[in-house]
Each structure stands twice: as structure tokens, then as C-alpha cells.
Amino acid sequence: MLFTKLLTLLATLLLPCVAVASSAAGAPHLDGAALSSIWVLPFACMLLSIAILPLVAPHFWHHHFGKISLFWALCFLVPFTVKFGFSLALYETLHALLLEYFPFIILLLTLFTVAGGVRLTGSLVGTPVVNTLILVIGTALASWMGTTGAAMLLIRPLLRANAHRKYKIHSVVFFIFLVANIGGSLTPLGDPPLFLGFLQGVDFFWTTKHMLLPMLFTATVLTGIYFILDTYLFGKEGRPSPEGADACGGEKLGLDGKVNLILLIGVIGAVLLSGMWNPHVEFNVYHVHVELQNVVRDVLLLIITGLSLKLTDNECRRLNDFNWFPIQEVGKLFIGIFLSMIPAIAILKAGKDGALASVINMVTDTNGEPVNVMYFWLTGILSSFLDNAPTYLVFFNTAGGDAAHLMGDMASTLLAVSAGAVFMGANTYIGNAPNFMVRAIAEDQGVKMPSFFGYMAWSFGILIPIFLMVTFIFF
């Protein structure tokens, strides 16, 4: 009897939240035209904190970045609740968390965990040929196992191979350029902004078809520059050998934790499933419609994460220097980003009626047609400083937000937004989530990475001229 009563109570609580192909009628609505630009201030402060505090107060930042992220999220949510009411604040918060943040962080967590369970064994010597080959392999893998997965798989072998080298900062910097960013151009698995586009309705293989040539051009130029630079520095060092350095204990070249390669196939399958299967069932959580196929995808990804932890030997992860800090840092920072950016998206959705009409005017000509060059550069420049995943979402909505239309008549515009977000996420440490992780691992291995602005000197000096060529050729 008690069990029956509990089931009845549970059903009473859940039934109002579950619907089959229900409509959004009665949902609260945030009119971006009613918001002034002051509402974007918490978002700007959140991102400035990421850029500046690690430089001026590194110890404080390291121990309190999660609290800082929460603080800026509340700086938006509390005044917003007072001004517009609890109902709208709850709806916007749930919308950002359920449809954007949770799918985003679950995919990153799965790729981070699974890739972190694969260890490349054996002795690699960091010669220009070997280093370039690692970058090429990582670039090729990034679109299929994610920039996070490819970066976590190969950054440690790259660091071990170059442990005896005097000059190795450039290798990590180019690794961020290629493996942690540009290599992820071809599928929604590759880079977080493309995954958000997939969640908005962009076909899984649309980016494979349209981003292939820009990606190959950019990656080829960067790889050539790296090989020339590393060859010069290798010669300047006197072509050092790894004698006296750690040589991986005499292990043969191979892979440990191979079960994770099978699990990576499962990750691809789970994401593909959510894009190809539509049972027309959704869960209505306070007017936020969460589709069943997306819930199934996220549950499968979490199961795969658990299987990776269960099936991978702990010693393999220990020898791989695996730890949870990089994904914890991304998770805590991005929840503040996704919440504080709510008004920015709403204002941009308001188009020329919103407080950021000047941005809209820059990407639209006098005839109302999109200016693809400006879409590429504005998406890219803001991706450099505002993180490329939410920036992609902002300009995706600025271009209309209709995936079917963007993939058809406005394919060049969607290409500009996609390329800008993915490519220029490499311009700063905060441009893309894996950049944080690679930097953290490199520093943990004793590589003194450039400061925030020091890294920008590398990226702007090398990448901006290449992006100008991309503009001329493709847009």
C-alpha cells in the first residue's frame, strides 16, 4: 500500500512535466529588445576574470575560480529575477542548463575520460619529423574523437617525447592551434561550437562537407610553419638525443587501455543516434522541451564514461598523469559563462531592435543580406575572448537561428560562423575549452607556458595572417 502511494505521489509530481510532442504555448518569453546593454556586463566581467585573474592573482584564482564563476552568474540572475520575476528567471536558467550546458559538459566529460584512459606507450624521440607526425595525427583524430579527446590522448606523449628538448613551448602552442582547435572542424564531435550547432538542428555531416577545404588549407599551412620552426630550433639545440631523459621504461611502442577505443566508437554512435532518431517524444520541464533522443544520448554518454572508469586499469591512468582538474575547471567556468550570457543571446536575437544593433548592422548590408566576411571575423574575434561555443550560438541566432535555412540558402554564412568559431578559438587560452586543459597539463609537466598575453603574441603573429588568406580564398 505504501509503495502504491509513493508511486502515485511520484506520478503526480512528474506528469505535469512530461508531454508528447507538446507545444511551447504559455512559456515565459524574454524580449531582448527590452534589455539594455548593461545586462551584458556580468558576462563581460566573467570573461575578463578568466583573462586577468590568473595573471594578477594566480593563487586566489586557482582556489576560487568556481566561486568567481558562480558570483558572476548570480550578478545576472539575482537582478534579473527582481526585475522580470522568478518565473522567467527559472525558465531561462533551465533552458540554458538543460538544452545547452548539460549536453555540452557531458560530451566533454565523456571524451576527456575515455581519451584519458588511452596511453601511448614506448619511447618517442621529439625530432621535427616525429613532432610534426604527432600534430598531423592529432589534427586528423580531432574531428572524430573531439578536440578534447585528441588533445588528451596526445599531449602527454608529445611532452614525454620532448622532455629532453630545450625548446618545447612552440610545440605545445602549435598543438593547441591544430589539435585543440582547427582539427575539430569536420563533425559536431570535433569542437564544442559545432556540437551546439548540431543541437540546434545542423546535420551531422554538413560540417564535414563544407569545412573540409578551409580546414585542410589552414592545417597544411600551420603544419608547414611548425616543421620549419621546429627544424630550426632542433638544429639550434645541437640535435639533442634523449639520453639521460626518461625513456618510458623501455616499453615497446603501443597502446594501453585499448578498450577505450571501442568506447570512442560508442560516443560517435550515441551522438549520431540523437541526430538521426526522432521519436517525437519530449519532456516538458517548466516549459523547456527536452527531446527524448537527447536524453538517451546523454545517458548513453554517462554510461560510457562509467564503463571507461570501470574497464581501464588505474595504473594506466596514473602512468598517463590523468587527473580531474582540467574538466573540473571547464565545468565550473562554463556554467557561469552559459548563465551570464543569457541576456547577450536575447539581445542579439532581437536584431536591429536590440541594444547590440551595431553588431547586427556590421554583419548585414543595406539590402538585409549577410556579410559573410564580417560573420567570419566577428564570430572569430569574439570567440577568441568570449569562448567559441557560446559565441557560435550567438551568431548562429544572429543569422536567423533556423538550421534548415542556414544549411541551404545561407550555407556560406553558416560556414563563416563555423570557421570563425572553430579556427579563432585558438587565438587565446579562453577561446576553447581544451586550450585550458592542454595548458594545465603542460605546466604540470614543467613546461613554462606563455602568459595570457604572451600566448596571444604567438597566435596573433602566426594565425591572423593565415586567417586573412582564408578570408580571401573562401569568403
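In terms of its C-alpha gyration tensor, the stretch 57-105 comes out oblate, because a/c is 1.5 or above while a/b does not outweigh b/c. Modelled label positions at LYS236 and ASP203, each set 7 Å beyond Cα in the direction of Cβ, lie 4.8 nm from each other. The stretch between LEU468 and HIS170, if pulled fully straight at 0.36 nm per residue, gains 105.1 nm over its current Cα-Cα span.
Each peptide in 62-70, 433-441 gets a packing score, the mean of other Cβ atoms within 10 Å over its residues, and the list from highest to lowest is 433-441, 62-70.
Histogrammed with a bin width of 5 Å, the alpha carbon distances of the stretch 148-242 distribute as 2, 12, 19, 19, 16, 11, 8, 6, 3, 1, 0 percent, first bin at zero. Taking amide hydrogens as placed 1.01 Å from N in the peptide plane, the amide H of SER123 sits under 5 Å from those of LEU253, each at least 5 positions away in sequence or on another chain. Judged by the mean number of other Cβ atoms found within 10 Å, the most tightly packed of the peptides 347-357, 402-412 leads the ranking 347-357, 402-412.
Using a 1.4 angstrom probe on the protein heavy atoms only, line up LYS448, LYS83 by accessible area, largest first.
These residues rank, largest area first, as LYS448, LYS83.
With protein chains left intact and a 1.4 Å probe, residues in the stretch 246-370 average 50 Å² of accessible area per residue. Exposure check, 1.4 Å probe, all protein chains in place: GLU315 carries approximately 80 Å² of accessible surface.
The listed peptides 278-285, 254-261, ordered by packing as a protection proxy, come out as 254-261, 278-285 (highest mean of other Cβ atoms within 10 Å first). The HN-Hα couplings worked out from phi for the stretch 415-428 by the Karplus form 6.51 cos²θ - 1.76 cosθ + 1.60 (θ = phi - 60°) are 5, 4, 5, 5, 5, x, 5, 6, 5, 7, x, 7, 6, 9 Hz, whole numbers, x standing for Gly and Pro. Over all other residues within a Cβ to Cβ distance under 15 Å of GLY266, the charged ones net out to +2, with Lys and Arg as +1 and Asp and Glu as -1.
Solvent-accessible surface of the stretch 383-475, taken per residue with a 1.4 Å probe and all protein chains present: 31 Å².
May I ask you to derive the FRET efficiency for LEU70 and ILE360 from their Cβ-Cβ distance with R0 = 30 Å, giving the value to the nearest 0.05?
Here the calculated transfer efficiency is 0.45.
Residue by residue, the stretch 328-334 carries 3J(HN,Hα) couplings of 5, 4, 5, x, 5, 5, 6 Hz when phi is fed to the Karplus relation 6.51 cos²θ - 1.76 cosθ + 1.60 (θ = phi - 60°); x denotes Gly or Pro. Taking label points 7 Å from Cα along the Cα-to-Cβ direction, ILE38 and VAL295 give a separation of 4.1 nm. Couplings 3J(HN,Hα) for the stretch 203-211, derived from phi with the Karplus relation 6.51 cos²θ - 1.76 cosθ + 1.60 (θ = phi - 60°), are 4, 4, 9, 4, 5, 4, 6, 8, 8 Hz, where x marks Gly and Pro. Quick one: if the Förster radius is 30 Å, what FRET efficiency do LEU213 and ASN278 give, using the C-beta to C-beta distance and rounding to 0.05? Once rounded, the FRET efficiency stands at 0.45. Nonpolar atom fraction for the chain, defined as the carbon and sulfur part of the 1.4 Å probe accessible area, stands at 69 percent.
Put a dot 7 Å past the Cα of ILE262, heading toward its Cβ, do the same for ALA163, and the two dots end up 3.1 nm apart.
The values are calculated or read from the model by the stated rules, or taken from the named source; none is laboratory data. This one's a predicted model, so the numbers in the text were calculated from it and none came from an experiment. In this analysis, Cβ positions are derived from the backbone assuming ideal geometry, glycine residues included, and neighbour counts consider all displayed protein chains. The protein model used for the area step is the full one, side chains on, heavy atoms only, and it has no ligands, DNA or RNA in it. Shrake-Rupley method; radii C 1.70, N 1.55, O 1.52, S 1.80 Å.
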